[in-house]
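The values are calculated or read from the model by the stated rules, or taken from the named source; none is laboratory data. Every value quoted in this text rests on a predicted model; they were computed, and no experiment measured them. Neighbour counts run over all protein chains shown; Cβ positions are idealised from the backbone, glycine included. Ligands, DNA and RNA are stripped out before the accessible areas are found, and what is left, the full protein with its side chains, is counted by its heavy atoms. Shrake-Rupley method; radii C 1.70, N 1.55, O 1.52, S 1.80 Å.
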Amino acid sequence: MAFSRSVSIQSRLARLSMAIGSLTLTALAVTSPWQSLQAQSLTPSTANHISAEAVDSQSASLSFTQAWQQLQQVSDKLKADQQQVNRAKAQAEASKSLSYPSLDISGSYTHLEKPIELDLRDLNPIASLDPGALPPAIGNIIGAIPGSLFVTPFTEQDIFRASLQAMWPIYTGGKITAAQGIKAAQVSEQQQQFVLTQRDLFMQLVDRYFAVAVTQAALQTQSEFVTSLEEHAEHAKQLELQGQIARVELLNAQVALDDARVKMRHAQRQNEMANIALSRMLQLSSVAPSSQLFVLPNQPSLSQVSSLTQASHPALKLLQAKEQQANQLVDLEKGSYHPTVFLYGNYTLYEDDSLFSKVEPDWLVGVGVKVPLLSRDGHSGKVQAAKSAQLQARHMKAQTQQDLSLLVDQTYRQLLQADEEINALNTTKALAKENLRLRELAFNQGLSTSVERVDAESKLHGVQTQQLAAQYRYIQAYAKLMVLSGQLDEFIARVEYQNQSAK
């Protein structure tokens, strides 16, 4: 029975080793978060629920801040990633139990080929006696004794046992600590991945929300263009009836009007598609954005944005968590070369009435040690693989720092380019308006053709459309800079300030 206890302890040690082994990195391959760097944002520290008055089930007039809060509430992608964080936390909490002792109740039934017995005739000095050398009287007495009296049964043929077994690892060469460290680092990794997902959703919201504003403004501009051409065509019709202009001038005005109407319907469909995309994203039937496009009088500091990005970007923190996992994995694999020391104990709850059971103690405690001498697990190769993963994480972090620096520089220059384009188009728009005024006067006096007048208004419309596109690119670049540097609150504050200024 002592042998069976030894086997039980060995099996419990094996289960402990398997539990530690299962805590190695499940996704050690380090992937670059560069793919998600193009669209990111940090969650605001306080996100209040949108009131029922602010979000109507049929039509919702939302500011950008309210739209962001709504998206955080309804996004299934965000909810899925949150559950991934919760899963990692639960696994980290479960890994703490590796340091605790284990306590089991075990029972067994064993059927032996035959009971374990001891025949005294097999023991000295009786076994060494020669019956022929004994006096006849003594030999006759011994021969008259039944053989069963010399046999002592130690066990029965059917053995039932129940016991309480305990085992507590007190030294594992750092394997338990390393396994717990891996799980803690995986929690940090999933938390940073959650932030990256939030930033990706934020940039999608910026694109879709302000796309509605841009397409709405473009539709308004095109509608005004159509209205102006309708007035021009009607005026040309009156002039043609009075014989002041040729019919070709009237036809030219009508052709320009028809073409403008087609483009207005196209702009209307673009606005409808932008509204549908935003509504589906926010899971609302209809949305009416209230925040408008804006341009800052002063641009953000490039050095400040760069320093904040390098100091706090979640992609770098994610790779740092990966590096921590690799460091712990190295310690875990090196721990396999160390001995395992454990405390163990056993308390018998039920046993039969055999002699062996009476002799055997009811409980026992002890200290055990297990020293690895030869293994087929390939520990040296695993240690080398863990070190390679460690170096991989460091190189990926360095590369990501370079990529982030480049992305900030590129985006900042895109911001400046958009701002310069907006300012330059202001002068162009003023020129186009003056040119349209002069062409209108000349046409009314018969000194200019309808083609020239329509061309002047088309140029003004084109300048207005270009300026809207430049404003949209400016918003995108500014939002990207803010989310790269973790200044989402700053972006939201700017939007809210523009909303207040517009009122």
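For the range 427-438, the criterion of being of a type in the set (D, E), within 39 Å of the chain's Cα centre (by Cα) and assigned to a helix (DSSP H, G or I) is met by no residue. Selection of the range 359-387 for residues being out of contact with any Leu (no Cβ under 7 Å at 6 or more places or on another chain), open to solvent by 60 Å² or more (accessible area, probe 1.4 Å) and of a type in the set (D, E, K, R) yields D362, R376, D377, K382, K387.
In the range 68-89, the residues that are open to solvent by 60 Å² or more (accessible area, probe 1.4 Å) reach residues that are part of a helix (DSSP H, G or I) with C-beta atoms within less than 7 angstrom, at least six apart or across chains, in these pairs: K77/T197; K77/L201; Q82/F194; Q84/Q190; K89/V187. Of all residues in the range 358-384, those satisfying the criterion of being aliphatic (A, V, I, L, M) and either within 16 Å of K175 (Cα to Cα) or modelled with pLDDT under 90 (or both) are V359, V369, V371, L373, L374, V383. Answer yes if at least one residue in the range 274-288 is open to solvent by less than 10 Å² (accessible area, probe 1.4 Å) and over 29 Å from the mean Cα position of the chain (by Cα), and no otherwise. No, the range 274-288 contains no residue that is open to solvent by less than 10 Å² (accessible area, probe 1.4 Å) and over 29 Å from the mean Cα position of the chain (by Cα).
Quick one: count up the residues across the range 248-289 that are under 30 Å from L62 (Cβ atoms) and in a helix (DSSP H, G or I).
20
Can you tell me which residue among I126, I182, I141, I159 is modelled with pLDDT under 90 and in a helix (DSSP H, G or I)? After ruling out the rest, the residue left standing is I141. Can you tell me which residues in the range 226-247 are in a helix (DSSP H, G or I), open to solvent by 20 Å² or more (accessible area, probe 1.4 Å) and either of a type in the set (D, E) or under 17 Å from D455 (Cβ atoms) (or both)? If the condition is that a residue be in a helix (DSSP H, G or I), open to solvent by 20 Å² or more (accessible area, probe 1.4 Å) and either of a type in the set (D, E) or under 17 Å from D455 (Cβ atoms) (or both), then S228, E230, E231, E234, H235, E240 are the ones that fit. Looking for something assigned to a loop (DSSP other than H, G, I, E, B), surrounded by 15 or more Cβ atoms within 10 Å (Cβ to Cβ) and at negative phi - is there at least one such residue anywhere in the range 445-458? Yes.
Residues considered: D403, D409. Of these, the only one that is under 28 Å from the mean Cα position of the chain (by Cα), surrounded by 14 or more Cβ atoms within 10 Å (Cβ to Cβ) and charged (D, E, K, R) is D403. Select from the range 223-276 the residues that are basic (K, R) and within 14 Å of N444 (Cβ to Cβ) and list them in ascending order. Selection gives K237 alone.
Of the residues Y497, Y478, the single one that is open to solvent by 50 Å² or more (accessible area, probe 1.4 Å), assigned to a helix (DSSP H, G or I) and of a type in the set (F, W, Y) is Y497. Beta carbons closer than 7 Å, at least 6 apart along the sequence or on distinct chains, pair a first residue in the range 297-313 that is farther than 18 Å from I475 by Cβ and open to solvent by 50 Å² or more (accessible area, probe 1.4 Å) with a second that is at pLDDT below 95 and not in a helix (DSSP H, G or I) for L308/S485; L308/G486; L308/Q487.
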